[in-house]
Each structure stands twice: as C-alpha cells, then as structure tokens.
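Peer 1: Got a structure here, written out as structure tokens. Questions coming.
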Amino acid sequence: MSSFTNRNAVLHADRRRNARFTLDVPVVLRTVACTRECRIVNISDLGARLDTASPPCEGASAWLVIGEDEFYCTIAWSEGSACGVKFERGLGEEKLIAITGTQLKDEGPVAQVGNIKAGRKRGALVSGG
C-alpha cells in the first residue's frame, strides 16, 4: 500500500461530519458493466470523490480498488467527469492513514445543527451584513 501513499495529502477542516483528505492517487473503479481508471480527488472514512472520463450512473454498485484492497461502494452522485462513492462500511482510521500517509488530526468540532444561527445567510456573514 505504501506505493500509493500521497505524502502531500491535506486534511480539510470543513463542516462535514468526517475528516476529508485531498490527494491524487490512481485507482480502479469496477462495476458490473466495466472497469474505469480513476483518480481519487478526496477521501474520507465513508466515501470518496473520483475523477474519471466516464463516471457510472448514480445508484450503481461498484468496487473501488486501491492497491491490493477492494472496497464495495455505491455511486452517490455523478456529474461531468466526476462521481462520489459511498463505502458500504467505513474505512477506519488505520486504512485512511495507509491510503493518505497522513495522521488524522483533530481540527475542531464537526458541524452541529445547534451551532448554526437561524436567520443569517452565509453571504451576509462574508460581506459583513
């Protein structure tokens, strides 16, 4: 697995429930219909975004092949030359570290509904309104 490690992986601190890593790793996405060469754009414990010339349709079942590991997944969305996959089971911290080559860091709390102030739009926060 170490040959697929991306030492420049970046942990994004965003409002998603799970930490998401940005990386550029070649992978294979296998469906019943065909096999596609892809690149992982980002990955988390529960899913990944892939770039590929012809992404499969939303809802299709697939296997994401990363090195010698295969992960069963479902295509969560498909648009243009990208798609998102949702893993059947979470990868877990150990597997994410092996794929990304980066230790998981605590970047603060995840988004919680109670943290969102009612009646204020995001644009108003940016423009100072």
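Peer 1: Which of the residues spanning segment 21-58 are open to solvent by 50 Å² or more (accessible area, probe 1.4 Å), in a loop (DSSP other than H, G, I, E, B) and not hydrophobic (A, V, I, L, M, F, W, C)?
Peer 2: Residues satisfying the conditions are Ser54, Glu58.
Peer 1: Considering only residues of segment 59-83 that are closer than 21 Å to Gly101 by Cα and not in a strand (DSSP E or B), which is most open to solvent (accessible area, probe 1.4 Å)?
Peer 2: Ranking the candidates gives Glu68 first.
Peer 1: Let me ask something else. Give the residues of segment 84-107 that are modelled with pLDDT under 95, buried (at least 16 other Cβ atoms within 10 Å of the Cβ) and of a type outside the set (A, V, I, L, M), sorted by residue number.
Peer 2: Lys95, Thr100, Gly101, Thr102
Peer 1: Turning to a different aspect of this structure: With respect to Val65, is the statement that it is modelled with pLDDT of 90 or more, of a type in the set (Val, Ile, Thr) and closer than 17 Å to Arg20 by Cβ true?
Peer 2: So Val65 fails the test.
The values are calculated or read from the model by the stated rules, or taken from the named source; none is laboratory data. Since this is a predicted model, take the numbers as computed values, not measurements. Counting neighbours? That spans all protein chains shown, and the Cβs are built from the backbone with ideal geometry, glycine included. Just the protein is used for accessible areas: all its heavy atoms, side chains included, with ligands, DNA and RNA removed. Shrake-Rupley method; radii C 1.70, N 1.55, O 1.52, S 1.80 Å.
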